[in-house]
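First the structure, in the form of structure tokens, and then the observations on it.
Any read-out appearing in this document is the output of simple, stated calculations on the displayed coordinates, not a laboratory observation. None of the values given here were measured: they were computed from a predicted structure. Ideal geometry is used to build each Cβ from the backbone, glycine not excepted, and the neighbour counts take in all protein chains shown.
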Amino acid sequence: MEPRTAKWWHCLLYLFSIFSILFLFHTQIAHKLLLGHHKLHVKRSSPDLPLRFRSDGTFKILQVFVSLFLGFLVLNVLFNCFCKWVFDFEVVLLILNIEQVADMHYGTGVLTRCRDVLSSEFDYCSDLNTTRFLNRMIQHEKPDFIAFTGDNIFGTSTMDAAESLLRAFGPVTESGVPWAAVLGNHDQESTMTREDLMSFISLMDYSVSQTYPSVEDLSGAGKEHILRDIDGFGNYDLTIYGSAGSHLANTSVLNLYFLDSGDREVTQGAQTYGWIKESQLQWVRGVSNRYQV
């Protein structure tokens, strides 16, 4: 009887061990292997606004350029009223330090392998290389602002666009640095439309992105309204003011224009990339003229 009893105990211990392993795997590990395991939230943290130059006259931008054709960022330094820049014979110096990083094309993290690398590097290169690189750049450069200009995620490499956005922008949301983004032609190739993507991005921590631009109310009441009658999603402008306490504290010193250059278009029966439309140019002209008044 004793050998049979011992076998039963061994069986029970074996089953208990299996169930314990399955329980731990289900509660602690399995959910992390699935896309979408992060809890989504409405923006918890917002940057200190308005954006301003530092007291030493500098404003450092870490600029993530993904494609010259697919993302578009215009830096327009407004030199109107140059005399305002000279106060008591002291000239206000503006220094821009722009770092450029190309094509994140973020997918699912460790499961998305790099392209165009040596065969010996393939097994060790993934989206996590991009994450580590961006983290190092932020820590080393300590920028005041970060701009992502399209193809932030690679839609065909992910089944969950929101999850990929959270992973791709993770380093900047964790850093607390103000940032903004526009879309390329690959961002919307997954599970979200371009409008949904920009709305989601605008709600992420420390993001100052906008889905639609704000325009001044023509009634002259000083109010603004959302302009929806414009091509694309992610057209907006950001104003950078002089440093707090300076004579330029309430003056627009630098203006950043973000434009949606679209994804794909069909012209004369042939498919090609999108472009900046006339409605967007009219909006830019209107905003620029307003700053020059």
Which FRET efficiency value, to the nearest 0.05, is calculated for VAL117 and SER20 with the Förster distance at 51 angstrom and r the Cβ-Cβ distance? 0.80
Once LEU13 and GLN282 are pulled to full extension, the length gained, defined as 0.36 nm per residue separation minus their Cα-Cα distance, is 89.4 nm
What's the exposure ranking of THR211, THR251, going from fewest to most Cβ atoms within 10 Å? THR251, THR211
Around LEU256, under 13 Å between beta carbons, what's the net of Lys plus Arg minus Asp minus Glu among the other residues? -2
Would you mind checking which residues have amide H under 5 Å from ASP260's amide H? H placed 1.01 Å from N; only 5 or more apart, or other chain. ASN235
Karplus 3J(HN,Hα) series, Hz, for the range 238-249 with 6.51 cos²θ - 1.76 cosθ + 1.60 (x for Gly, Pro): 10, 9, 10, 9, x, 5, 4, x, 8, 6, 9, 4
Take the alpha carbon atoms of the range 160-293, find their radius of gyration, then divide it by 2.2 N^0.38 Å using N residues; give the quotient. 1.19
For the range 230-259 and the range 171-218, what is the separation of their C-alpha centers, rounded to whole Å? 16
